[in-house]
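First comes the structure, then the notes that go with it.
The values are calculated or read from the model by the stated rules, or taken from the named source; none is laboratory data. None of these values were measured; they are calculated from a predicted model. A quick note on method: Cβ atoms are made from the backbone with ideal geometry, for glycine too, and the neighbour counts reach across all protein chains shown. The area values use the complete protein model at the heavy-atom level, side chains included, leaving out ligands, DNA and RNA. Shrake-Rupley method; radii C 1.70, N 1.55, O 1.52, S 1.80 Å.
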Amino acid sequence: MAKFTAKPKDLIQIDFKNPKTGWMDTPVEIREHMFCHPAKAKELETVGFPNIHEWRPQDENWNLPEGWKETVLNGIKERLQKYRSFHVFMDICVRCGACADKCHFYLGTGDPKNMPVLRAELLRSIYRKYFTASGKILGKTAGARELTEDVLKEIWYYYYQCTECRRCSVFCPYGIDQAEITMIGRELTNLLGLQLGWIGGPVANCYMKGNHLGLEPHTIKSNIEMMLDDIETITGIRINPTFNRKGAEILFVTPSGDLFAMPGIYTAMGYLMLFHELGLDYTWSTYASEGGNFGFFSSNEMAKRLNSKIYAEAKRLGVKWVLGGECGHMWRVLHQYMDTWNGPADFLEVPKSPITGTVFDNAKSAKMTHISEFTADLIKHGKLKLDKSRNDHLKVTFHDSCNTARGMGMFEEPRYIIKNVCNHFYEMPENTIREKTFCCGSGTGLNASENMELRMRGGLPRANAVKYVHEQHGVNMLANVCAIDRATLSASMDYWVPGVGVAGISELVGNALVMEGEKERTADLRGETLPGKEGAE
Amino acid sequence: MSFNKLLSEKKPAILKKWFDAILDTYPAETADFLKKQKDRFANPVGSTIYSGMDSLLNSLLNADDPDTISKYLDDIVRIRAVQDFTPSQSLAFVFKLKDAVREEMSGESNAGDFPGELIAFERRVDALALTAFDIYMKCREKIYDLKANELRNMTVKLVERANLIFEARYRDIDLKDLVLEGNKSERGE
């Protein structure tokens, strides 16, 4: 909601039509509920980010450091030289508009500066002005403009209204990756100390404690113990996982949201039950206790620093390979960056399921396998005893997380698992799933609460498709393989499609998994009574 | 011809005018897109608003019950309540229906025959505006609820654990004694 400032006499004359000005002549208006609070100085100090200073997005004066313009221009220059892709993306766009209406933020806000082409143009105009002959000479005619404080604010405002989901890239005939442009844009703002609290905080926590939430070893252990208590109540089985155990065959790394946040903990309960049932020789780590990487939303260097702990811990513990939990951007990082940044992990072996003998060749180099690939393989080989009817109270649809779908091309495994653990599965419309999936609207560190309006707008296209299957088939559960999805789609569903819950796939597996020696189950992992079991206890 | 019959005949033109009026509240490029893209999943805002307006007009003509009307209105208002509008801008579209009806009716030679019916219709539109206001407020309250709930969900496990520790430590102690003890220690006794 915009700020209500109209006076009575203005109200009488109010014109509800929008002004028609070109984008360069439409100044940015930093609106409440659309941005996240700035990071705290101590968080930025922890990791040595530059130009830390006090500022607020809604203020006229951002207290920019002296020489800020040179810092930005030098930053662009350095990145043009360093990243060939960035240079190409600055030059190659023909403004065909294929991407324009593919962005969930544009669809939800209707703000033309949320069209991916225009979002990129905010930065391209600076590139042209300072780095191309035509821009230097012809200026605005060549789509170039001066870098001013207002322009910087505009870039900041809109580059934190992009979740780097890459849906627009699917439709771009040149394959321009808007996510990379946003990453660079954010790196530039980071050079000036203009970081978000929701990114800066998790980054500092991750750097100091190993995970975004800043959970210390004893807290991680006691959180998992609480889950074990709940599992015992539901199944009658006491599970005893190990932590930081040297010599384990597999190191398991998952987003820390699974250890603490609702409904992520039910997903973690699913992991614990599955591994116990398999008798898997694995260990949790209280150091590599975060698969996610909010450094990825601040700078390439920061992402690399935070990621390094995974291989380091695998080496320290002497495991053979690494298994990863359900997360979105974690998998873009692991799948496309980790090996280059911190590899080669030649001290590890190519992941091989000790249960089925399947060798995961797709992870030959990175040595890390996704839990859905691992679970789907188990089901395919008939290694799990499953009672689908325990999920009969759920009518499930699947939301492809942007990063597992477009970032690593994993479409079939989650669907295969769902179909084997649930009797009721319904797909959302074709142009909203798989590689065309819509973002949850809150990724890349935008999952704060103060920007709830932005999140609801960005979440609308996804929710609109969920609403359709909810109305058509009575869908009441939105399954996914991403911790940010689990945290943020709950709010989105609550606003747009009340009556639809959110669950990780491993939670559904945990419900259906028939465990050796378990008592008759009367409740699901959430403690809700199973249909037909009322009064059984 | 009755007023309702005339209104039914004019419905497509009225709907078009009414839809155009709400599109005018969006930037020109966006308005164009919201109007032209017919796929409801590729254009959630435009298609939801259009089908909501269409259903609302039908409901007004059929004198449907308030719950049905409220549902269609909810689809539109829920979107506008989180977009870049002041409250008045969000809901002004309801009143634009009156303009659309009057403009379409004004060309009709016998439109003047139903002053009573026109006023009655416009009263229904006013009632619609009040319902829209209720929905708008519910949506805004929901946004603040969501913010509060997220914070609560983040800390609920912490509080749960704190309670468990508390219970384990002070299981055999009367809470009253504990408070008294605390007061004493605060006073430095």
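Apart from one condition, residue B:10 fits all of (1) open to solvent by less than 40 Å² (accessible area, probe 1.4 Å); (2) at pLDDT below 95; the exception is (1). Against the test of being touching an Asp or Glu at 6+ places or on another chain (Cβ under 8 Å), open to solvent by 20 Å² or more (accessible area, probe 1.4 Å) and outside any helix (DSSP H, G or I), the options A:238, A:145 yield a single qualifying residue, A:238. Residues of segment A:493-521 that are within 34 Å of the chain's Cα centre (by Cα), on the phi < 0 side of the Ramachandran plot, free of Cβ contacts under 8 Å to residues at least 40 places away in the same chain and assigned to a loop (DSSP other than H, G, I, E, B): A:497, A:498, A:500. Condition check for residue A:358 on (1) in contact (Cβ under 8 Å) with a residue 60 or more places away in the chain; (2) over 27 Å from the mean Cα position of the chain (by Cα); (3) open to solvent by 20 Å² or more (accessible area, probe 1.4 Å): one failure, at (1).
Annotation: residue B:145 fulfils all but one of (1) free of Cβ contacts under 8 Å to residues at least 60 places away in the same chain; (2) closer than 18 Å to residue B:63 by Cα; (3) within 14 Å of chain A (Cβ to nearest Cβ); (4) of a type outside the set (Phe, Trp, Tyr); the unmet one is (2). Applying the set (1) closer than 19 Å to residue A:193 by Cα; (2) aromatic (Phe, Trp, Tyr); (3) in contact with a helix residue (DSSP H, G or I) (Cβ under 7 Å, 6 or more places away or on another chain) to residue A:106 leaves exactly one unmet item: (1). Within segment B:27-46, the set of residues being open to solvent by 10 Å² or more (accessible area, probe 1.4 Å), over 20 Å from residue B:72 (Cβ atoms) and not small (Gly, Ala, Ser) comprises B:27, B:29, B:32, B:33, B:36, B:37, B:39. Is it the case, given these coordinates, that residue B:49 is touching a helix residue (DSSP H, G or I) at 6+ places or on another chain (Cβ under 7 Å), open to solvent by less than 10 Å² (accessible area, probe 1.4 Å) and within 20 Å of residue A:468 (Cα to Cα)? The answer is yes for residue B:49. The numbered conditions (1) in contact with an Asp or Glu (Cβ under 7 Å, 6 or more places away or on another chain); (2) open to solvent by less than 10 Å² (accessible area, probe 1.4 Å); (3) facing chain B (nearest Cβ under 10 Å) are all true for residue A:462 except (1).
Scanning segment B:70-90 for residues that are surrounded by 21 or more Cβ atoms within 10 Å (Cβ to Cβ) and among the hydrophobic types (A, V, I, L, M, F, W, C) gives B:73, B:76, B:77, B:79, B:81, B:82. Within segment A:40-67, take every residue that is of a type in the set (A, V, I, L, M) and open to solvent by less than 20 Å² (accessible area, probe 1.4 Å) and give me the one that is nearest to residue A:452 (Cα to Cα). Within segment A:40-67, the match that is nearest to residue A:452 (Cα to Cα) is A:44.
So for segment B:1-17 (the condition being within 18 Å of residue B:123 (Cα to Cα), touching an Asp or Glu at 6+ places or on another chain (Cβ under 6 Å) and either away from chain A (no Cβ under 11 Å) or free of Cβ contacts under 8 Å to residues at least 12 places away in the same chain (or both)), does at least one residue qualify? For segment B:1-17, residues within 18 Å of residue B:123 (Cα to Cα), touching an Asp or Glu at 6+ places or on another chain (Cβ under 6 Å) and either away from chain A (no Cβ under 11 Å) or free of Cβ contacts under 8 Å to residues at least 12 places away in the same chain (or both): present.
The residue that is modelled with the highest pLDDT, counting only those in segment A:474-512 that are touching a strand residue (DSSP E or B) at 6+ places or on another chain (Cβ under 6 Å), open to solvent by 10 Å² or more (accessible area, probe 1.4 Å) and within 14 Å of chain B (Cβ to nearest Cβ), is A:501.
Residues in segment B:77-96 include none that are in contact (Cβ under 8 Å) with a residue 40 or more places away in the chain, more than 14 Å from chain A (Cβ to nearest Cβ) and part of a helix (DSSP H, G or I).
Listed here are the residues, each with its yes/no results for (1) of a type in the set (A, V, I, L, M); (2) assigned to a loop (DSSP other than H, G, I, E, B); (3) assigned by TED's automatic domain parsing to the domain that holds residue A:255; (4) within 13 Å of the chain's Cα centre (by Cα).
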site: A:393; (1), (2), (3), (4): no, yes, yes, no
site: A:409; (1), (2), (3), (4): no, yes, yes, no
site: A:413; (1), (2), (3), (4): no, no, yes, no
site: A:418; (1), (2), (3), (4): yes, no, yes, no
site: A:428; (1), (2), (3), (4): yes, yes, yes, no
site: A:441; (1), (2), (3), (4): no, yes, yes, yes
site: A:450; (1), (2), (3), (4): no, yes, yes, no
site: A:453; (1), (2), (3), (4): no, no, yes, no
site: A:461; (1), (2), (3), (4): no, no, yes, no
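Residue count for segment A:437-451 satisfying the condition of being touching a Phe, Trp or Tyr at 6+ places or on another chain (Cβ under 9 Å), among the hydrophobic types (A, V, I, L, M, F, W, C) and buried (at least 24 other Cβ atoms within 10 Å of the Cβ): 3.
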